[in-house]
Amino acid sequence: MESCKTILLVDDNADAREVNVLCLQSAGFRIVEASHGDQALARLAEGIPDAIITDLRMPTMNGLELARRLRSNAAYLDIPVGLLTGSPPHHPDDISFFNEILIKPSGFDDLLAMAARLAGHGIVHR
């Protein structure tokens, strides 16, 4: 990787988040962590990441609501958002909030490929 790209990783499962953090860090990504959508929005006040990868089902604020809020705020509109989940949304309007969806279980190579694609651009493609 030519420069250290930052990924905001959002997942309420601490064990899964830790494994994914180690995987992404080993590939050279800088990781900022959040355990739910509200915390992710607070992290954005500290700096804008190159991409966000979020789980769907989380307490406080789930990944879909997080993506909706990001897409409704001009300051965050261009941040690519990937969904890493075992149960993806089915409604086309919900799917459209995400640049990519990766279904669990998935391999680390798939996660790294998604992260690289997301962090490699900043324009939302719908």
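The values are calculated or read from the model by the stated rules, or taken from the named source; none is laboratory data. Remember, predicted model here, so these are calculated numbers, not experimental data. Virtual Cβ from ideal backbone geometry, glycine too; neighbours counted across all protein chains shown. Each accessible area value is taken on the protein alone, full model and side chains, heavy atoms only, with ligands, DNA and RNA left out. Shrake-Rupley method; radii C 1.70, N 1.55, O 1.52, S 1.80 Å.
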Using only DSSP helix segments of four residues or longer, with each worth -39500 (n - 2.57), what per-residue ellipticity at 222 nm results for the chain after dividing by its residue count and rounding to 500? -10500 deg cm²/dmol
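Cα gyration tensor of segment 70-120, axes a ≥ b ≥ c as square roots of the eigenvalues: rounded (a/c below 1.5), prolate (a/b > b/c) or oblate?
oblate
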Could you rank the peptides 107-113, 88-94, 49-55 by their average count of other C-beta atoms within 10 Å per residue, with the highest value first? 49-55, 107-113, 88-94
Rule-of-thumb check for the chain: C-alpha Rg over 2.2 N^0.38 Å? 0.94
Over the chain, with the other protein chains present, what is the accessible area per residue in square angstrom, probe 1.4 angstrom? 50 Å²
Can you tally the net charge around residue 58? Count Lys and Arg as +1, Asp and Glu as -1, for every other residue whose Cβ sits under 12 Å from the Cβ of residue 58. -3
Which helices, taking whole DSSP H runs in the chain, have alpha carbons extending 15 angstrom or more along the helix axis plus mean Kyte-Doolittle at least -0.5? 14-26, 108-119
Of all accessible surface on the chain at a 1.4 Å probe, what whole percent is carbon and sulfur? 51 percent
Run through all the Cα pairs of segment 1-72 and give the fraction in each 10 Å bin from 0, expressed as whole percent. 21, 54, 23, 2
Express in whole angstrom the spacing between the alpha-carbon centres of segment 23-65 and segment 80-99. 15 Å
Rel. contact order, % - alpha carbon contacts under 8 angstrom, at least six apart, the chain: 25 percent
